[in-house]
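Here, each number is a calculation from the coordinates, and none is a lab measurement. Since the model is a prediction, treat every value here as computed from it, not as a measurement. Glycine also receives a Cβ, built like all others from the backbone with ideal geometry; neighbour counts cover every protein chain displayed.
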Amino acid sequence: MGGVFSSLLASLFGSREVRILMLGLDNAGKTSILYRLKDGAHIKTVPTIGFNVETLEFNNISMQVWDLGGQASIRPYWRSYYQRQEAVIFVVDSTDRDRMSIAQSELASLLEEEELEDAIVCIFANKQDAPEAMEVADVAEAMGVNRLQDRTWTIIGTSALKGTGLEEGLSWISNNLKST
Ligand code: G3D
Ligand code: MG
């Protein structure tokens, strides 16, 4: 399967400006997802104080990607990136049982950010192709999604390796974005 970005996202979002933030612990699969989506799009990696920001730009769509975890001291720098982000994709490594609780607390603190209070949240339970992957329902429970009642959210099983679930996630975002 090739990249799905140019054809799929052009049809999903048209000329609407969309800003999507993709976050998760390192090794969750974010860069792999970005490259899976990149067909026809541009990816830049911008080194910033203490971390890299990857950006995918296509038409009016921009997707910013960065790693969370173990970087509390630079968290204040992130705030400037949060502004006007309409959707958050939070990527979880479904095989990483040991760090599920760290991922959960990172997601919880992210959702407390005032700038993100209107953002819709799509959790990718990634690496579903791996035999040892936790089931999506178990990832949902570990991520504490029952506490997300006042948000527009979903969780979708994905595999960056196989390219599965990504279209479904992007369609969900397109269908759930607040109209402006
Ligand atoms: P990150 O950008 O979130 O840090 P990466 O994560 O995209 O760099 O991926 C980290 C590792 O997980 C890579 O392995 C990558 O191939 C693997 N990976 C990403 N997505 C999937 C997936 O859906 N399924 C499986 N099985 N593996 C995945 P390496 O070995 O290259 O470091
Ligand atoms: Mg990466």
Q: Give the calculated FRET efficiency between GLU114 and ALA137 to the nearest 0.05, with a Förster radius of 35 Å applied to their Cβ-Cβ distance.
A: 0.70
Q) Under 5 Å between amide H atoms, partner at least 5 residues away or on a different chain: which partners does MET22 have, H built in plane at 1.01 Å? A) GLN64, VAL65, TRP66, ILE89
Q | Binned Cα-Cα distance frequencies in the chain - 10 Å width, integer % | A | 10, 41, 39, 11, 0
Q) If you put +1 on each Lys and Arg Cβ and -1 on each Asp and Glu Cβ, how big is the dipole of the chain around its Cα centre, in Debye rounded to 20? A) 440 debye
(Q) Taking every pair of distinct Cα atoms and averaging 1/r, then inverting, what Kirkwood hydrodynamic radius in Å comes out for region 95-180? (A) 13.7 Å
Q.
Test of understanding: extend the Cα→C-beta vector of ARG147 to 7 Å, then name every residue of region 103-136 with backbone N under 12 Å from that spot.
A. 103-112
Q.
Give the lysines reachable from LYS178 as a straight Cα distance under 25 Å; neighbours fewer than 8 places away on the same chain don't count.
A. LYS30, LYS38
Q.
Need the list of aspartates and glutamates near LYS162 for cross-linking: C-alpha distance under 20 angstrom, and skip anything on the same chain fewer than eight residues off.
A. ASP26, ASP39, ASP93, ASP96, ASP129, GLU132, GLU135
Q | Fraction of antiparallel bridges per DSSP, the chain only, in percent to nearest 5 | A | 35 percent
Q: Report the full-extension gain for the segment PHE51 to ALA10: residue separation times 0.36 nm, less the Cα-Cα distance, to one decimal in nm.
A: 11.8 nm
